[in-house]
Amino acid sequence: MAYIYPKIKFSFLIIYYLISLTIYSQDQIDGKIAQMLMVGFVPNTVFEDTLYYDIQYRNLGGVINFAYNITSPSQIKNQSNHMQNIAPVPLLIATDQEGGIVARLDEQNGFAKTYTAFDLGTKYNNEATTRTQSALMAGWMIESGLNTNFGPVADVNVNPTSPAIGKYGRSFSSDPNTVYLHSKWFADEFKNKNINTALKHFPGHGSAKSDSHNGFTDITNTWTDAELIPYKNLIENGYNNFIMTGHLFNANLDPDYPASLSRRIITHLLRDSLNFKGLVISDEMFMNAISDNYGFDESIELAINAGTDILLFKKNEYNNISLVKYVVELVKRKITEGKIPQSRIDESYERIQNLKNSITSIKNTQSDIIPEFLTLSSYPNPFNNSANIIFTLKQGSGVKLKIYDITGQAVYKKYYESLTAGEHRITFNAAGLSSGTYIAVIETPGHFKSVKLTLIK
């Protein structure tokens, strides 16, 4: 009898090792695909919890913030820092900060009102004014922990009443060279502060008579080669950051697909003809120009094969599960079926990591976090039916405890408005759960710890 416990303990450890090994081997391709995704989220919903799980355990590549994600300078800074601190790979944390009506940092949430691109490029048309406002907005982004701006708009103002661009003053000018210059000054000031920029919406949205947010947008009879001039000049002068493709159909460039799904436009025109070496990001993939005309799975396959490096989504939920989980599994299946070459994933992953490695300030330091404010452990681990979750607070605080299964679904939640400093022990009863890997997460204001649990029955 003296030898039974050591043998059982040893077998638990072997099983635990094999589970960990399986997860690790999956992570290599899973993590590469997840780096190609950028998602938004709706605050104070169950999928906000899922977002943090996706960041820490699925290697999500980026997060986009909309107006409802930003309430004050301190709130967005704390949110950004929290995301970076739990990310195994530095995150791209983005927003749309063009100036004017499309500016997520504005007078409504503690920043300031800004000029539209039309004001800067047509009303004033002055380098100093454009550079001054761009530097100001880039500074706000640094203070907010944001490192990627979906701007400037490089669309030429061909149609001043265009419902997505001209109507809102989002284009600098009707003159392509003026658009080029202001886009360059804008991008320069953000680059000076180590903030990514994304020219949009390739190959040009300024002539459109409809809005791709609302449905199919055909620019075949309104678009001209002159709309490529801002992109061409910027690329020739060294621009290699992001270009965002529009959901824009032009039968003269591709008789079958809109730009965001078109290999002819992304790979042959943008990369081969214009010699663009940077990253291609899609416009938001739930916009009606795509969702009304293509299946969700189909659009992802087409976009990746076209040469898109990062797929942008306004939310992190699809069919009531994690969108990140769904897309990763979908793309892996497409690779297995031979419908997406793994070389496409490797190519985009390399571009993304090269960009992230080049931005030395992208990962926030831990200097503003009190060392060991929060510690977390579990015993026994592996466990059978119940485990003790043990955590220690350096000072009194509110605490959230959540335990997730391997799919990212919360199976246990506990909230404490206030706990005293010192050690706390909670028993997690897993009698109704299946054997497998679980993640326990403890969160206090500004601090976050997690531990992996293995349930073996």
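Quick rundown of the values:
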item: So Ile142, is it assigned by TED's automatic domain parsing to the domain that holds Ser72, assigned to a helix (DSSP H, G or I) and under 20 Å from Ser358 (Cα atoms); result: yes
item: Filter pass, Leu433 being closer than 22 Å to Arg58 by Cβ, assigned to a loop (DSSP other than H, G, I, E, B) and more than 26 Å from the chain's Cα centre (by Cα); result: yes
item: Residues that are among the β-branched types (Val, Ile, Thr) and over 14 Å from His247 (Cβ atoms), drawn from the stretch 265-299; result: Thr267
item: Output for the stretch 256-294, where each listed residue is hydrophobic (A, V, I, L, M, F, W, C) and outside any loop (DSSP other than H, G, I, E, B); result: Ala259, Leu261, Ile265, Ile266, Leu269, Leu270, Leu279, Val280, Ile281, Ala289, Ile290
item: Subset of the stretch 58-83 [out of contact with any helix residue (DSSP H, G or I) (no Cβ under 9 Å at 6 or more places or on another chain) and touching a residue at least 40 places away in the same chain (Cβ under 8 Å)]; result: Ile64, Phe66, Ala67, Asn78, Asn81
item: Residues within the stretch 263-275 that are surrounded by fewer than 22 Cβ atoms within 10 Å (Cβ to Cβ) and touching a residue at least 24 places away in the same chain (Cβ under 8 Å), tallied; result: 6
item: Single residue of the stretch 404-424 satisfying the filter (of a type outside the set (A, V, I, L, M, F, W, C) and touching a Phe, Trp or Tyr at 6+ places or on another chain (Cβ under 8 Å)) that is surrounded by the fewest Cβ atoms within 10 Å (Cβ to Cβ); result: Glu423
item: Odd one out for Gly121, checked against (1) closer than 30 Å to Pro230 by Cα; (2) at pLDDT below 95; (3) not acidic (Asp, Glu); result: (2)
item: Those residues of the stretch 216-237 which are of a type outside the set (A, V, I, L, M) and in a loop (DSSP other than H, G, I, E, B), in sequence order; result: Phe216, Thr217, Thr220, Asn221, Thr222, Trp223, Thr224, Asn237
item: In the stretch 78-121, residue nearest to Ile55 (Cα to Cα) [restricted to those that are in a loop (DSSP other than H, G, I, E, B) and in contact with a strand residue (DSSP E or B) (Cβ under 7 Å, 6 or more places away or on another chain)]; result: Leu91
item: Answer from Ile23, Ile4, Ile14, Ile8 - the residue that is at pLDDT below 90, surrounded by 14 or more Cβ atoms within 10 Å (Cβ to Cβ), farther than 28 Å from Ser282 by Cβ and of a type in the set (A, V, I, L, M, F, W, C); result: Ile23
item: Failed item in (1) part of a loop (DSSP other than H, G, I, E, B); (2) in contact with a Gly (Cβ under 9 Å, 6 or more places away or on another chain), with Tyr53 passing the rest; result: (1)
item: Every pair of residues 6+ apart whose Cβ atoms lie under 7 Å, when the first sits in the stretch 281-296 and is assigned by TED's automatic domain parsing to the domain that holds Glu329 while the second is at pLDDT 95 or above and surrounded by fewer than 17 Cβ atoms within 10 Å (Cβ to Cβ); result: Glu284/Lys314; Phe286/Lys314
item: Any chance Ala128 is assigned by TED's automatic domain parsing to the domain that holds Ala198, in contact with a strand residue (DSSP E or B) (Cβ under 6 Å, 6 or more places away or on another chain) and farther than 17 Å from Asn196 by Cα; result: no
item: Residue under evaluation Phe202, criteria (1) touching a residue at least 12 places away in the same chain (Cβ under 8 Å); (2) over 27 Å from the mean Cα position of the chain (by Cα); (3) within 18 Å of His268 (Cβ to Cβ), criterion not met; result: (2)
item: Test: Lys184 is part of a helix (DSSP H, G or I), among the basic types (Lys, Arg) and either under 21 Å from Thr224 (Cα atoms) or modelled with pLDDT of 95 or more (or both); result: yes
item: Lone unmet requirement of (1) in contact with an Asp or Glu (Cβ under 7 Å, 6 or more places away or on another chain); (2) in a helix (DSSP H, G or I); (3) at pLDDT 95 or above for Met137; result: (1)
item: Where Asn357 falls short, out of the listed (1) at pLDDT below 95; (2) more than 19 Å from Pro90 (Cα to Cα); result: (2)
item: Residue in the stretch 96-103 that is in the same structural domain as Lys314 (by TED's automatic domain parsing), closer than 15 Å to Thr197 by Cα and charged (D, E, K, R) present; result: yes
item: In the stretch 238-254, the residues that are touching a Phe, Trp or Tyr at 6+ places or on another chain (Cβ under 9 Å) and in a loop (DSSP other than H, G, I, E, B); result: Tyr239, Asn240, Asn241, Gly246, His247, Leu248, Asn250, Asn252, Leu253
item: Single unsatisfied condition, Glu301 versus (1) over 18 Å from Asp155 (Cβ atoms); (2) in a loop (DSSP other than H, G, I, E, B); result: (2)
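This table checks each residue for (1) surrounded by 19 or more Cβ atoms within 10 Å (Cβ to Cβ); (2) outside the structural domain of Asn233 (by TED's automatic domain parsing); (3) of a type in the set (Ser, Thr, Tyr).
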| residue | (1), (2), (3) |
| --- | --- |
| Leu120 | yes, no, no |
| Met137 | yes, no, no |
| Thr148 | yes, no, yes |
| Val153 | yes, no, no |
| Asp175 | no, no, no |
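The values are calculated or read from the model by the stated rules, or taken from the named source; none is laboratory data. All figures in this text were calculated on a predicted structure; none of them were measured in a lab. Reconstructed Cβ throughout: ideal geometry from the backbone, glycine too, with neighbour counts over all protein chains shown.
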